[in-house]
Amino acid sequence: MTNAVADPEVPYEGAAMPTSPPPVRPWADFLSGLLLLVLETVLAAIAAFTLGMRRWAESYDPQPSAPPPMDWVPVLVFGGITGGVLLLAWVSARSRWPWTAGGQFLAAALLGIATLTFGTQEWARSHPAPPGPTVSPTPGEARCVCRSGGGPCECPGG
């Protein structure tokens with residue numbers, strides 16, 4: 001029994017199905033990865049500039065006596081950018097664009113390091129070290145006046 005005519009009720013019967021994925025275009029892959037990296041660099045630079053101006057504006061406010069609370073905005077902004085870059089890296093890897101995916105994973109690693117750095121700096125700013133003991137001069141040092149370099153007191157530098 002031969003199947004001379006395909007059954008019109010069954011779609012794709014007798015049609016040749018492609019078994020291999022479409023070819024990867026290396027130049028398109030490389031250029032799209034480069035374009036995404038440039039766009040992400042511009043986005044991160046704008047975010048850093050904006051957050052820097054925000055910190056600069058805060059320097060004109062009167063300083064409170066207590067340490068400031070932790071500022072989560074830089075951590076959340078750069079964490080969100082890092083998450084978006086990771087999502088693009090995952091989509092690029094699933095779409096078989098290895099150059100784009102590699103660049104995106106590298107950018108995500110660098111942005112992750114920046115996010116951790118901002119978080120560490122903010123934590124250190126909001127949790128300053130306790131003040132150490134102050135060293136008071138001994139009574140003999142307080143009365144010592146440098147005259148001609150003689151006696152029990154020594155002149156600094158000589």
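Every number in this text was worked out from the coordinates using simple rules, so none of it is lab data. What you see is a predicted model, and the numbers here were worked out from it, not measured in a lab. Note that each Cβ is placed from the backbone with ideal geometry, even for glycine, and that neighbours are counted across all protein chains shown.
Here are a few things to note about the model shown:
- Structural descriptor for the stretch 29-135: relative contact order 38 percent, calculated from alpha carbon pairs under 8 angstrom and at least 6 residues apart.
- A cut-off under 14 angstrom between Cβ atoms defines the neighbours of Trp97, and their net charge, with Lys, Arg +1 and Asp, Glu -1, is +2.
- Extension reserve of the Leu106-Met70 stretch, reckoned as 0.36 nm per residue once the Cα distance is removed: 10.1 nm
- In order along the stretch 41-48, the phi-based Karplus estimate (6.51 cos²θ - 1.76 cosθ + 1.60, θ = phi - 60°) of 3J(HN,Hα) comes to 5, 5, 4, 5, 5, 5, 5, 5 Hz; Gly and Pro are listed as x.
- Modelled this way, with points 7 Å down the Cα-to-C-beta line, the labels at Leu51 and Val38 are 2.5 nm from one another.
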